[in-house]
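Remarks on the structure that follows.
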Amino acid sequence: MHEFLIRRGGAIKHLTPSGGSAAESHEQRSATRFSCSLPATAYVNYTNFFCAVTNISLGGAALFEKGFGTIRVGNRVKLMVEPLDTLAGTVRWVGQTGFGIEFDPASRTSPRLIALIERLREATREKTGT
């Protein structure tokens with residue numbers, strides 16, 4: 001597995017392309033996901049909490065947060081991730097330490113999200129020589 005560092009806004013983020021582990025096999029993926037650790041704020045059920053985006057693609061993201069409690073599949077989510085725009089989506093799975101969201105079509109076309117994914121793809125090509 002290849003690892004990448006991207007400097008953005010003075011912070012260095014650790015990023016790794018994720019091909020989908022056994023733990024993620026319950027999901028169908030239409031876009032390549034990249035492992036990361038991006039601080040975020042999620043707004044769900046009229047509650048906001050701090051979390052970390054642990055992987056991201058144009059189609060969605062996985063979030064790590066131990067104290068999310070009442071989040072259920074189907075809940076609507078607004079996700080604020082620096083340096084991305086506010087992203088909206090729907091909870092598609094819930095685990096012991098986090099949950100996954102599928103982005104709405106409007107969020108999938110966010111110029112900043114697209115730019116981040118393109119930088120990650122380019123970094124993957126450079127590291128793998130493809």
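Quick notes on this structure:
- Distance between modelled label sites at ASN48 and ALA115, nm, 7 Å Cα→Cβ extension: 2.3
- Hydrodynamic radius by Kirkwood, which averages 1/r over all alpha carbon pairs of the stretch 41-130, in angstrom: 13.6
- Over the stretch 21-130, relative contact order from alpha-carbon pairs under 8 Å, at least 6 apart, %: 21
- Prolate/oblate/rounded call for the stretch 83-130, Cα gyration tensor, a/c under 1.5 rounded: oblate
Computed from the coordinates by the stated procedures, all read-outs in this text should not be read as laboratory data. Everything quoted here is computed from the prediction, not taken from an experiment. As a convention, Cβ positions derive from the backbone with ideal geometry for all residues, glycine included, and neighbour counts pool all protein chains shown.
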